[in-house]
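Visitor: I'd like to ask some things about the structure below.
The values are calculated or read from the model by the stated rules, or taken from the named source; none is laboratory data. Please read these numbers as outputs of a predicted model, since none were measured by experiment. Here the Cβ positions follow ideal geometry from the backbone for every residue, glycine too, while neighbour counts run over all protein chains shown.
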Amino acid sequence: MLLGQSVVPLNMQSRQKRSRLPLLPYRRKKVITGSQLGRYVIGPELGRGATGVVYRAWDVRLERKVAIKVINQQSRLSLLGWGWLLREARLAGGLNHPCICTVYDAGEEDGQAYIAMEYVEGSPLSLLLMPTGRPSALATHYGRFVSSALDHAHARGILHRDIKAANIMVTAQGELKILDFGLAKRLRMGAALHPLQSSTDVGHVVGTIPYLAPEVLRGERASVRSDIWSVGILLYEMATGLHPFQGQTVFDLSNAIMTSIPSFPANRICKRLAQAIGRCLQKDPSRRYPHAHDLLGDLSAVGLPGLTICWRQFKGTFRRSLAA
Ligand code: ATP
Ligand code: MG
């Protein structure tokens, strides 16, 4: 298992049976550039992850660019495609926020299931991180977007559970879009009011290890506060260029997440941002921000000196990452 890859629940097969969604046949329509899937003409590949492959495509009916996600054939979820993708489409499809990638449609043709969504022209945030870190103003600016989008999802009872730099796109206009609700989960009724609860099955580790909260690594339920932990990791990475917890193996990294206290390099990160990150990264979930809008409130109080200059420098890396 690669440390940066999403870990999917081991009990997906039984969940698929419970959901009564059809398993996809082993032989299914091939998706290649130039082929057509439903009303979408497939273009070049945009990216791939542990579960999906995403292509740019053309919607022939509405005459617009879209992004099409299909199941990665190499993934062990490849036989569960339809249920998995439909679940992702339903969860993300209920959200409407400028910082969340909009889902348009979900479908299946000749055994090949797909999601059609907004095409985000830009670069994953993971390619825009710098080894020396980005100025605090820029990290704060993007932290506000992420916490606002998460607040929207949480208020509608949805946990993302896989917030990480690779699941966030930055556009050339400087906007930010959260992608990939493949591991998202609906909170139990009333859980939005009691944010320590979720409907995540106890005992299953779901998410990407370097971004997982200590309680999730222990197999406890994910919650609004475990998503907030992941935002803390993301902000730390953006501001310092480092991961707050070190470890080359799953065991060492998990151990560091559960036991070590991150240090904040004073020359790389402003005090108020460090305080906000520190509160996101409390080992005890009850000491973290209870809601994403509380984090947003604190980030809104952090000044953004020189943001325009930071953004200009950022755009330079951005153009290079698009050209690569
Ligand atoms: P993971 O390994 O996190 O589970 P995944 O298999 O679910 O990932 P995604 O994260 O949804 O796949 O997509 C993989 C990559 O495809 C993204 O990192 C991004 O580069 C690209 N991508 C995904 N959706 C879009 C989109 N709507 N517009 C442009 N590019 C996209
Ligand atoms: Mg992803």
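Visitor: Taking the range 157-174 only, how many residues are more than 14 Å from ligand 1 (Cβ to nearest atom), in contact (Cβ under 8 Å) with a residue 24 or more places away in the chain and not in a strand (DSSP E or B)? Talk me through it step by step, then tell me what you get.
Guide: Looking only at the range 157-174, we keep the residues that are more than 14 Å from ligand 1 (Cβ to nearest atom), and these are 157-159, 173-174.
Still in the running and in contact (Cβ under 8 Å) with a residue 24 or more places away in the chain: 157-159, 174.
Filter once more, so that each one left must be not in a strand (DSSP E or B): 157, 174.
Summing the residues that are more than 14 Å from ligand 1 (Cβ to nearest atom), in contact (Cβ under 8 Å) with a residue 24 or more places away in the chain and not in a strand (DSSP E or B) in the range 157-174 gives 2.
Visitor: Quick one: Gly107 ticks every box in (1) over 30 Å from Trp311 (Cβ atoms); (2) surrounded by fewer than 22 Cβ atoms within 10 Å (Cβ to Cβ); (3) within 13 Å of ligand 1 (Cβ to nearest atom) except a single one, so which number is it?
Guide: So Gly107 meets the others, but not (3).
Visitor: Within the range 275-324, work out how many residues are modelled with pLDDT under 95, crowded, with 19+ Cβ neighbours inside 10 Å and within 22 Å of the chain's Cα centre (by Cα).
Guide: Within the range 275-324, residues that are modelled with pLDDT under 95, crowded, with 19+ Cβ neighbours inside 10 Å and within 22 Å of the chain's Cα centre (by Cα) number 2.
Visitor: While we're looking at this one, here's another question. For His97, work out the one condition from (1) in contact (Cβ under 8 Å) with a residue 40 or more places away in the chain; (2) surrounded by fewer than 20 Cβ atoms within 10 Å (Cβ to Cβ); (3) at negative phi; (4) out of contact with any His (no Cβ under 8 Å at 6 or more places or on another chain) it doesn't fulfil.
Guide: With respect to (1) in contact (Cβ under 8 Å) with a residue 40 or more places away in the chain; (2) surrounded by fewer than 20 Cβ atoms within 10 Å (Cβ to Cβ); (3) at negative phi; (4) out of contact with any His (no Cβ under 8 Å at 6 or more places or on another chain), His97 is out only on (4).
Visitor: Among the numbered criteria (1) at pLDDT 95 or above; (2) crowded, with 24+ Cβ neighbours inside 10 Å, which one does Pro244 miss?
Guide: All conditions are met except number (2).
Visitor: If you check Leu212 against the conditions, is it over 20 Å from Arg287 (Cα atoms) and modelled with pLDDT of 95 or more?
Guide: In short, no.
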